[in-house]
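Got a structure here, written out as structure tokens. Questions coming.
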Amino acid sequence: MSQQRNVTNKKLFLKLNNDNLKNEETIHLEGWVRSNRNSGSIGFIEFNDGTYFKNVQLVYSLDTINFEEITHFRTGSAISVDGKVILTPNNKQPFEIHVDSAKLLGDCSEDYPLQKKRHSFEFLRDIAHLRPRANTFNALFRVRNALAFAIHKFFQERGFMYVHTPIITGNDAEGAGQVFHVMSDIKNPTAFFGGKNASLTVSGQLHVEAFALAFRDVYTFGPTFRAENSNTTRHASEFWMIEPEIAFADLDDDMELIESFLKYIIKYVMDNCKDEIAFFDSMIEKGLIDKLNHILNSKFEKLTYTEAIEILKKAVKSGVKFENNNIYWGLDLQSEHERYLTEKHVKGPMFLIDYPKEIKAFYMKQNSDGKTVAACDLLVPQVGEICGGSQREENYDVLKKKMEEIGNVNELEWYLELRKYGGCIHSGFGLGFDRLLMYITGLQNIRDVEPYPRTPGSLKF
Ligand code: 4AD
Ligand code: MG
């Protein structure tokens, strides 16, 4: 057997996934002690080898070669174990491992912060280097991984091409002025890129549009950065975004894509992370599985912005209190308004479409009413906006006029050119990966779904 096979075969994940754990078979595993207790003649270690969400019970007894030594293994230490698999189909755990011998590979000192008890999320945020070992985060990062894979799988199965858009850019794609500047010399900030201001990307959209006009259906999926100084549970300075762009497609095609995409990836995670989702359902958000099933089985409703304003006005009249009760056509809806619409009015996921052009980005397609743009935001209960999309303005003159107004023609001449050289109707959207993960797991703070969250006021790791 080659060294390579030997290494991979030792993973519990592979053994379980191939359904090839046999009763009494000998097994060698490496992993970490989650807890260890004994009664003098028999002992139990909750053991996790990292490749499988649930702990495995190791049972050691006086038959075990080094019983006495094992009783001293501390929570958190790294060990290897040789033993036998004992299938226990009638117990909660389908199998356990009877230890022949175990070896301490890396001791863990007494001050290990992850002793077996419940810890607050705040406390765990402060130990981002250790929290992946805590149950909630162990489950979360597995789901994060599966979700990322499902995203690629969905697009690749449908012939979308994956494009790597740049992280360093010379333009503010959203025109909202919330960029982080990039420079190599603080005294001479534009020197490095030939006199140009450089920043971290807020969105890959503009760059990926060019690829849609060559490859038809494309997507980018990468980190984006926003210098919004809003200290909320839903805003991060660095987050991942999925941005597909489809040519020869209008806003309706875009919404159809969003809906089928979202249902596909949620279903993928529910099917492939059953233990993890069951854990979130019981420990983090009661009813989570019902909520996700509801998404899979419902048709997403559509409301125009104009209809939404009427609904909100009526709500205020009937006594609903928002922090901002001044509802008028043209208002940039706040999260409280969005949540009212999706939680109280529709009671499920919904698209809000046709926003006033003044409150949306310059690249959106102007509707024939001259007042609104062909944009859609997907709103979901608890989170509010999770995804924003639009049909793009393909008319050269209309777009040029818009860009002249906001003054970005110079830096984005290439973008405008796309409308001159074989432009066509095209649409796309951006889905906040981290916000979606909050929704799927029930975790309430964006700081708890990112490996090393970047938010205003902290940069510990
Ligand atoms: O609505 P946004 O700003 O849209 C765009 O960037 C477009 N260029 C997308 C496109 O059409 N290709 O951002 C898209 C999504 C939001 O709906 C939200 O889920 C997420 O990105 N998002 C954030 N997530 C975490 N922290 C932040 N600070 C976020 N800002 C936006
Ligand atoms: Mg948006």
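The values are calculated or read from the model by the stated rules, or taken from the named source; none is laboratory data. Remember, predicted model here, so these are calculated numbers, not experimental data. Please note: Cβ atoms are built from the backbone with ideal geometry, for glycine as well, and neighbour counts cover all protein chains shown. Just the protein is used for accessible areas: all its heavy atoms, side chains included, with ligands, DNA and RNA removed. Shrake-Rupley method; radii C 1.70, N 1.55, O 1.52, S 1.80 Å.
How big is the Rg/Rh ratio for the stretch 351-461, C-alpha atoms only, Rh by Kirkwood, two decimals?
1.08
When the helix-only estimate is applied to the chain (DSSP H runs of n ≥ 4, each -39,500 (n - 2.57), divided by the residue count), what is the mean residue ellipticity at 222 nm, nearest 500 deg cm²/dmol?
That calculation yields -9000 deg cm²/dmol at 222 nm.
Residues with beta-carbon under 13 Å from that of L288, excluding L288: net charge, scoring Lys, Arg +1 and Asp, Glu -1?
Result for the neighbourhood of L288: -1.
Let me ask another. How big is the accessible area of V182 in square angstrom, nearest 10, if you roll a 1.4 angstrom probe over the protein chains?
Counting only protein heavy atoms, V182 exposes about 40 Å² to solvent.
What does the C-alpha gyration tensor say about the overall shape of the stretch 52-145? Classify as rounded when a/c is under 1.5, otherwise prolate if a/b is larger than b/c, or oblate.
oblate
Taking only protein heavy atoms into account and a 1.4 Å probe, give the accessible area per residue of the stretch 241-324 in Å². Show your work: numbers first, answer last.
Values: 4140 Å² over 84 residues.
Using a 1.4 Å probe on heavy atoms only, each residue of the stretch 241-324 averages 49 Å².
Also, I was wondering about something else. Please report the carbon-and-sulfur percent of the accessible area for the stretch 24-74; probe 1.4 Å, protein heavy atoms only, DNA, RNA and ligands left out.
Working: 1280 of 2500 Å².
Carbon and sulfur together cover 51 percent of it.
Under 20 Å from a point 7 Å along the Cα-to-Cβ line of S318: which residues of the stretch 337-365 have their amide N that close?
What the label zone holds, given the 20 Å backbone N cut-off, is 337-352.
Where the centre of each part is set by its Cα atoms, how far does the stretch 220-289 sit from the stretch 390-447, in angstrom?
18
Helices from the chain with mean Kyte-Doolittle at least -1.0 and a Cα length along the axis of 20 Å or more, per DSSP H: which? Spell out each step's value before the answer.
Working: long enough: 135-157 (33 Å, 0.14); 251-272 (31 Å, 0.00).
Counting only whole DSSP H runs, the qualifying helices are 135-157, 251-272.
Keeping all protein chains in place, calculate the accessible area per residue for the stretch 137-190 (probe 1.4 angstrom), answer in Å².
52
Sort 411-417, 385-391 by the packing proxy (mean of other Cβ within 10 Å over each peptide's residues), most packed first. Write out the running numbers ahead of the final one.
Numbers: 411-417: 15.1, 385-391: 22.7.
Those peptides, ordered most packed to least, come out 385-391, 411-417.
Using a Förster distance of 41 Å, how high is the FRET efficiency between D126 and L416, based on the Cβ-Cβ distance and rounded to 0.05?
Numbers: r = 47 Å, r/R0 = 1.15.
In this case the efficiency is close to 0.30.
Treating the beta-carbon of each Lys and Arg as +1 and of each Asp and Glu as -1, no other charges, what is the dipole magnitude of the stretch 47-190 about its Cα centre, to the nearest 20 debye?
Once rounded to the nearest 20, the dipole reads 520 debye.
With the dipole of the chain worked out from charges on the C-beta (+1 for Lys and Arg, -1 for Asp and Glu) around the Cα centre, which of W240, G204, L257 lies farthest toward the positive end?
Positive-end residue among those listed: W240.
Let me ask something else. Compute, for D252, the solvent-accessible surface of its heavy atoms (probe 1.4 Å) with the complete set of protein chains present, and express it in square angstrom to the nearest 10.
Its accessible surface works out to 90 Å², give or take rounding.
Among DSSP beta bridges whose residues both lie in the chain, state the antiparallel percentage, nearest 5.
90
Can you tell me how the stretch 188-279 classifies by the Cα gyration tensor, rounded, prolate or oblate, using a/c under 1.5 as the rounded cut?
Details: a/c = 2.67, a/b = 1.36, b/c = 1.97.
Oblate.
Using packing as a proxy for protection, rank 83-93, 240-250, 141-151 so that the peptide with the highest average count of other Cβ atoms within 10 Å comes first.
240-250, 141-151, 83-93
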